[in-house]
1. Anything in region B:371-414 that is over 23 Å from B:Ala512 (Cα atoms) and not in a helix (DSSP H, G or I)? List them, or say none.
2. Return the only residue of B:Ser180, B:Ser207, B:Ser170 being more than 29 Å from A:Asp108 (Cα to Cα) and touching a residue at least 24 places away in the same chain (Cβ under 8 Å).
3. I need the full set of residues from region A:133-150 which are in contact with a Phe, Trp or Tyr (Cβ under 6 Å, 6 or more places away or on another chain) and facing another protein chain (nearest Cβ under 8 Å), in order please.
4. Just one of A:Gly101, A:Gly31, A:Gly63 is in the same structural domain as A:Gly161 (by TED's automatic domain parsing), closer than 16 Å to A:Glu157 by Cβ and not acidic (Asp, Glu); which is it?
5. Please list, ordered by residue number, the strands (runs of 3 or more DSSP E) wholly in region B:77-190 having 1 or more residues that are among the aromatic types (Phe, Trp, Tyr).
6. Can you find even one residue in region A:242-263 that is without any contact (Cβ under 8 Å) to a residue 12 or more places away in the chain and among the polar types (S, T, N, Q)?
7. If you take the residues in region A:98-113 that are at the interface with another protein chain (Cβ under 8 Å from one of its Cβ atoms) and over 21 Å from B:Ser24 (Cα atoms), which one is surrounded by the most Cβ atoms within 10 Å (Cβ to Cβ)?
8. Restricting attention to region B:415-426, and to residues there that are assigned to a helix (DSSP H, G or I) and over 20 Å from B:Ala368 (Cβ atoms), which single residue is farthest from the other protein chains (Cβ to nearest Cβ)?
Amino acid sequence: MVTFQELIAKLSDYWAKKGCAVLQPYDMEVGAGTFHPATFFGALGPEPTQVAYVQPTRRPTDGRYGDNPLRTQHYYQYQVLLKPSPDEAQDLYLDSLRAVGLKLEEHDIRFVQDDWESPTLGASGLGWEVWLDSLEVTQFTYFQQVAGFPLKPISCEITYGLERICMFLQGKHDLFDLRWDSRRSYGDLRKACEIEYCRYNFETSDIPTLHQLFEIYEREAKRLLGPEPDAKSLVLPAYECTLKTSHIFNMLDARGAVSVNERPTYIARVRALAKRCAQAHMKRYETAEAPAAQEAGR
Amino acid sequence: MSALKAKVKARPVDAAEALLEIGSEELPATNLADLFENGAANPLEAAARKVYEAHRIGIDAIRVYATPRRLVFHATGVQPRQAAHDVLTRLLTRQESYDADGRPTEKLLTILKHRNGRAEDTLVQESNGKEYVFLKKAEPVKPTAQVLPEVFAEIVKGLNFPKNMYWNDSGFHFPRPIRSLLGLYGSRPVSFEAAGLRSRAETVFFSKSRRQRVPVKDTAAYFKLLTQRGVVLDQVERKKRVKQLLESLSRPLGARVYDDPFLLNEVTYLVETPEGLAAPFGREFLDLPLEVLTVSMARKQRLFGLVDRSGRVMPSFLAVLDGKATESQKKIISRNMEGILRAKLQDSLFFYREDQKLTLEKKRPELAGLVFLKNAGSMLEKSERLERLAGRVGPAAGLDAQEVRDLQRAARLCKSDLLTQMVGEFPELQGITGRYYAAANGESQGTALAIGEQYLPRTVNDPLPSTRVGCVLSALDKADLIAACFGLGLEPTSSLDPYGLRRSAVGVMKIAVEKGVELSVPELVDGCLEELSKYVPEDKRKAARGKLIGFYKDRFKAVLADRGHREDVIDAALAARFDSPAETARRVEVLSKLASGPDFIQASKVVERTSNILKGNKAELPRQIRADLIREDLEREVYELYSRHAEDIRRVVDGGDLAGATSLYARTFFAILEQFFEKVFVNHEDPAVRTNRLALLKGIRDLYTEKIADLSKIRPS
């Protein structure tokens, strides 16, 4: 049986062989692997990039106190970004599923249209949810835009839901029943955590503090970017502040503290920051230095 | 054997088949369904035909087939070479070209020489009102085989989809990446380039998720190959196959497939090799409403729900798979699907329970944060408007006291479900969610049902609300939207109707006409506009009023024409009165039945002749007819008939017997007026006598036209 940690190792091994730099997770709270600077900045600009990494992902509103077999407020994505998108992207992906031990001939596999969009990052693309026996196990996207910038070349983003794929490998119907390794289950390692965070996210987080934090990080991002972001702006620290605002917004949302008509305003505020980070980053190409892109692990 | 061969060879090949296959990554199923299942002519077919025409290649027919991974253009009766075609080039005016004796001028000869043409190849034609000399040159006629590469490349480039993407640096865009191109002309491969790709004489199959390239030698072999591989290329055939699969799986379970045409269409374009399975799920989820269960299955997993003979949901689902599967493979797949379904339904159950922690009434204040329409307030204000309108319109529509209470309550609560997690997850369940929660909150059944049906009819084929309360609520909801849009200058244009106002107005008219709900259009319009006074200033409201009534009138006509009524009969009835569409529709129904009978024809004659005489008159006519101004016997006879029968006729009309009234009217006036018009000269020299005669005729005409229909609009059939 393929354990959860072996699944990660196998994917990393597979993509390393295909020429990807295997990066480490970004060390901040993010809602998706797309937020990792390696993807956000990596997709922008002209130079090629191939990266793969695990990204722990937080979606506070998806918490179910560990009661739902498929939904949690914290889970693991495996993210691959290929730029330019290779012609055989789909086949590479299907082969990766075989490489981790899935017998595709025993499953119904379907590419179901999904026009993916991240309103907070101003990013969008066309592609699919990949369904395995009717469960979405991967998001497969040809990026068309990031932070409002049209992309050239086009990147292909593959985002695996690790728990879900592992459930098929292990024949489990509840992610907490997954074997993490030979001795421990996913639930042993994650369930108490999950419940604790659900209580915090839904019940005890302090709304005024969250509001303040949002303001503070927004202010700091703006301070770093300055009124007119340029090649000298400290883009990466500013981007981290942006990620913070995004997560805090999600926290406020989970707490039911964002009214329906405030929602778009918050999202627009985060997007404005992300957009300015991208602008500053793009300025660097004009001055022929791109440290953010180098950081992305080319 | 050799004789047979010789025979085949000897047959003249004057028409062949051309086939273009675009192999792509999975195309969006809903896009394809929109293109192929909307009942209209397929735009892809027309586009491809145009390209053939532009290249002067005659074809008999072209069919377009679509699966998730292929778009196929199959042309038959393809002519072997281009059609002949002359190109005309304008050279000079006629005067410049020929001298007085008709000989070519120096100027013309120079130009001809320059253009490599001869004087015999010129002709004179008028252009922009002047005569010009043109040079006629025949275009070269190429064999089809030589032109097809261009035709195929152009078809690929010219395809138009609502949403496209880039995937490589060719700059080409398409709904999803194109990965293979195949061109065939009979048994000859057609080599062409598009989207940064060169065509190859092969097609691609996906077997066990592995791409397999298989050579194809001719069009017949192509179709045969697809069939052998189980690919059902023709979408019509495939949809039929999917339906058969579902039926054959549901029958042994004693079940019926829950009707979902949208899902059926989508699934048809999600698979190219349909296969099916049925599996059970846990009974504990039967607590969830039928609509929630089926929507969750359909939207989250593209699974079909099952209902028993009495319409109750059954704890089983059907799935359509792509690709052949053995029984043991199906067993694994169905077990996985069931596990996933369980998790998804558990989530729905979670929403269902969370949502009910607050009643709809308690949730309602949050509607203040939800915009109804920019510059027309929040959803909370909308629900307040609806509640007040309900109090006015409900009793007028003939609802009893309990129904009016139900209506007001439903109007108050009908938008609260927009705040629930269930509607957040499944927007198509708005209204229906409200119905279940209202019932759980202890609201009356009438209130709950009305909330559930407030959006009906959503589409042309949707049913109408089943209860009177639901009908009025739905009409109010729509009328408020329509009035707000007209007041804010957002009325539909001839081509654009972003708020779906025509559909909404048709809904209101259908509710009145088909359900017989008494709604007064002027009162509805006035009521709605008045409620919007905070957002629409008085002058705008005044301007909107007439437009709105006209808008409803047009929809009313369309609804009745759709029910098979003659347009002239509808117009005639409308001209008499349009207040309650239900009442007007009843008049149209009766008139339509009478329309070919002798009474109706005679009554029409009476109205037509009196109207014709009155057309010339511009003066105000008195209501009273003076006996002392009557000069002729026939005139007196008509007057007496009118005095004697006018009241009778009015009484019969008011009693609702239009047939009786029409018959009485015709019998009373037809014969006598025929004589009258023959013998009596209406336009008497004495103006007083003339006016009196006209007033008499108007009295007779109005008897019918004011109450029943203006029959002067009837065209002889």
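1. Within region B:371-414, B:Val371, B:Phe372, B:Leu373, B:Lys374, B:Asn375, B:Ala376, B:Gly377, B:Ser378 meet the criteria.
2. Only one candidate qualifies: B:Ser170.
3. Within region A:133-150, just A:Tyr142 meets the criteria.
4. Of A:Gly101, A:Gly31, A:Gly63, the one residue that is in the same structural domain as A:Gly161 (by TED's automatic domain parsing), closer than 16 Å to A:Glu157 by Cβ and not acidic (Asp, Glu) is A:Gly31.
5. In region B:77-190, B:130-138, B:178-185 are the strands (runs of 3 or more DSSP E) which contain 1 or more residues that are among the aromatic types (Phe, Trp, Tyr).
6. yes
7. Among those residues, the one meeting the criterion is A:His107.
8. So the residue we want is B:Met422.
The values are calculated or read from the model by the stated rules, or taken from the named source; none is laboratory data. Predicted, not measured: the structure shown is a model, and the values here were computed from it. No Cβ is skipped: glycine too gets one built from the backbone with ideal geometry, and neighbour counts run over all protein chains shown.
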